C-alpha cells in the first residue's frame, strides 16, 4: 500500500485570493500538507486572483517540466488615468477625460494589441535588470528602462463597457503567451487612445491545461488536504502520450530506455492499464526517462 507521502503527491491547482503572494500560498500549503516539498509554477501578483499551479511532494519535480506556455485572464481596465505601476496600486501619473472615447476606437486599439506584438513589461514586473528584479529596483527610486520583448496575444476582447464619469471601465478577456503582462496591455491601450489606462482587476482563468475547473480555494484545501490531480492524472493532461506494452513499461521503470519514435518534446508513456509510467525525452538513439512517474515499487 502506498504511504501518505505518495498519496499526497500531485498538483494542487489553487484559486489564489487577492492580497497573497504566490510564496504566501506555498507557505500555507507547506503547513496544510506538513511538508517542505512544495513549489509553484507561474507566479501571480498579490492583486491578482485565480489559477496558481502548486506541486506537492514528488510533483515538485514536474513544475520545471510543465510547458505552461498559454494563459488566460479576465481583467478590468480603467481608461482615463495612468499610474506608476500600470495598475490600481500605483500613484496616478496623469488623468484625461475618457468619456468621449468610442467603443469603435477602443476595438481598433485592442486589435492593434492583438497577435504577435512587442511589449514593454511594467516596471513592477519580475524582469531582471543587471541581476535585480525590476520591482525591487523601482522601490529604490532607480531610473531605468525595460526593453520590449515579443509576446503573443491571441485574444483581447471586451466583455462589458461601463462609462463612469470621466472614466471608462472595460471588462476584458485575454488569451496570451507566457511572459505577457496584462497591466502592460492596459497601459498601452490607454496610451493608444490618448487618455491613459491601468489595470484594476485581474483573474487568471487558465494556465496551460489547468483551469478554474481544477482549482480549489485555500479554505477548501485546509478543510480537506488533498491534491487536485495526482501525478498520474497531471502528466496525462499535460504532455503528449505514447502507449507502451508491459515489457516496455518494465524496462523504463527499471531505468532502461525505449526506442525513439521521432518526437522532440517531452512526452508521457502510458501502459496497458492506463498508468503513466514516466516522462520521456528522446536524444539520439535513446528515448530515456526524465522523470519516473510510477517507480517499479508501485507497479
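The values are calculated or read from the model by the stated rules, or taken from the named source; none is laboratory data. Source: prediction; values computed, not measured. Don't worry about glycine lacking a Cβ; one is built from the backbone with ideal geometry, like all the others, and counts go over all protein chains shown.
Looking at 293, 268 in this structure, which one is closer than 15 Å to residue 231 by Cβ and at pLDDT 95 or above?
Every option except 268 fails the conditions.
Which count do you get for residues in segment 79-124 that are touching a helix residue (DSSP H, G or I) at 6+ places or on another chain (Cβ under 7 Å) and at positive phi?
1
Could you list, in sequence order, the residues of segment 20-37 that are in contact with a strand residue (DSSP E or B) (Cβ under 6 Å, 6 or more places away or on another chain) and within 21 Å of residue 231 (Cα to Cα)?
25, 26, 29, 30, 33
Residues checked against (1) assigned by TED's automatic domain parsing to the domain that holds residue 171; (2) out of contact with any helix residue (DSSP H, G or I) (no Cβ under 7 Å at 6 or more places or on another chain); (3) over 19 Å from residue 212 (Cβ atoms); (4) in a loop (DSSP other than H, G, I, E, B):
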| site | (1), (2), (3), (4) |
| --- | --- |
| 11 | no, no, no, no |
| 26 | no, yes, yes, no |
| 32 | no, no, yes, no |
| 36 | no, no, yes, yes |
| 39 | no, no, yes, no |
| 77 | yes, no, yes, no |
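Can you go through 105, 142, 98 and tell me which one is part of a loop (DSSP other than H, G, I, E, B) and modelled with pLDDT of 85 or more?
98
Out of all the residues in segment 168-186, which are surrounded by 21 or more Cβ atoms within 10 Å (Cβ to Cβ) and either more than 21 Å from the chain's Cα centre (by Cα) or on the phi > 0 side of the Ramachandran plot (or both)?
Across segment 168-186, the qualifying residues are 168, 170.
Here are the criteria: (1) over 29 Å from residue 19 (Cβ atoms); (2) surrounded by fewer than 19 Cβ atoms within 10 Å (Cβ to Cβ); (3) in contact with a strand residue (DSSP E or B) (Cβ under 9 Å, 6 or more places away or on another chain). Tell me which single one residue 271 does not satisfy.
(2)
Among the listed residues 93, 65, identify the single one that is more than 19 Å from residue 199 (Cα to Cα) and not in a helix (DSSP H, G or I).
Testing whether each residue is more than 19 Å from residue 199 (Cα to Cα) and not in a helix (DSSP H, G or I) leaves just 65.
Taking residue 251 and the conditions (1) out of contact with any helix residue (DSSP H, G or I) (no Cβ under 6 Å at 6 or more places or on another chain); (2) over 28 Å from residue 289 (Cβ atoms); (3) in a helix (DSSP H, G or I), which numbered condition does it fall short on, given that it satisfies the others?
(2)
Taking residue 203, is it under 14 Å from residue 83 (Cα atoms) and either in contact with a strand residue (DSSP E or B) (Cβ under 7 Å, 6 or more places away or on another chain) or not assigned by TED's automatic domain parsing to the domain that holds residue 22 (or both)?
Criteria not met by residue 203.
Out of 55, 50, 42, report the one residue that is within 19 Å of residue 173 (Cβ to Cβ) and surrounded by 20 or more Cβ atoms within 10 Å (Cβ to Cβ).
Exactly one of 55, 50, 42 is within 19 Å of residue 173 (Cβ to Cβ) and surrounded by 20 or more Cβ atoms within 10 Å (Cβ to Cβ), namely 50.
How many of the residues making up segment 40-64 are within 15 Å of residue 232 (Cβ to Cβ) and touching a strand residue (DSSP E or B) at 6+ places or on another chain (Cβ under 7 Å)?
Total satisfying the criteria: 5.
What single numbered condition from (1) in a loop (DSSP other than H, G, I, E, B); (2) in the same structural domain as residue 40 (by TED's automatic domain parsing); (3) surrounded by 18 or more Cβ atoms within 10 Å (Cβ to Cβ) fails to hold for residue 294?
(2)
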